[in-house]
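Worksheet: the structure to be examined is printed underneath.
The values are calculated or read from the model by the stated rules, or taken from the named source; none is laboratory data. As the structure is a computational prediction, the values presented were derived from the model and not from experiment. Neighbour counts are summed over all protein chains in view; Cβ atoms, including those assigned to glycine, are modelled from backbone coordinates with ideal geometry.
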């Protein structure tokens, strides 16, 4: 569960409990399937307390939950992503790609509630898409370009536009993570083997 940002001095203890409960329930059931009465029960407050702070359930999602997650998680994701994956040396593209997939896998496993809400709600909230686009362009895209160009020069990646290669990488990795943590989380997964198979599928398409 994502903790409510302690630096937000304007948020009361009850508000923090409401937001924390909303994050848990939105992740478990989705926004549409979660009622304010369920949020109130999980938070240990009266339902009327929610409406004293937020006019509607949508206000709770868009005005509080999403900004907190964006501020707390997305910059952390980008900074650590770059440091842990792109600022390392790899003997070949397969080793880099394996590190990339494993890094995002571990992040999704450790932050499964937040990841679920992002995946569920990203298509419906312009501010989330805009923030992710900004973070990707500022922190990640240049690093992707550098790595792709390096392995192109070594002949390990086909000479396709970098944007096409990025789309192939992102689509395959996100597809794997959605299946693993959202669609079939209870399946009998062999995670290490599945990571290697995902890497092989990507390489067969771009190398």
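For this structure, a couple of remarks:
- Spans of helices (runs of 4 or more DSSP H) in region 94-207 with at least 1 residues touching a residue at least 24 places away in the same chain (Cβ under 8 Å) and over 29 Å from residue 59 (Cβ atoms): 141-153, 162-178, 191-206
- For region 138-161, the criterion of a residue being under 16 Å from the mean Cα position of the chain (by Cα), farther than 18 Å from residue 102 by Cα and exposed (fewer than 15 other Cβ atoms within 10 Å of the Cβ) is satisfied by no position.
- Every listed requirement among (1) at pLDDT 85 or above; (2) under 28 Å from residue 21 (Cα atoms); (3) crowded, with 16+ Cβ neighbours inside 10 Å is met by residue 121 save one, (1).
- Residues of region 150-169 that turn out to be more than 23 Å from residue 91 (Cβ to Cβ) and touching a helix residue (DSSP H, G or I) at 6+ places or on another chain (Cβ under 9 Å), as a count: 1
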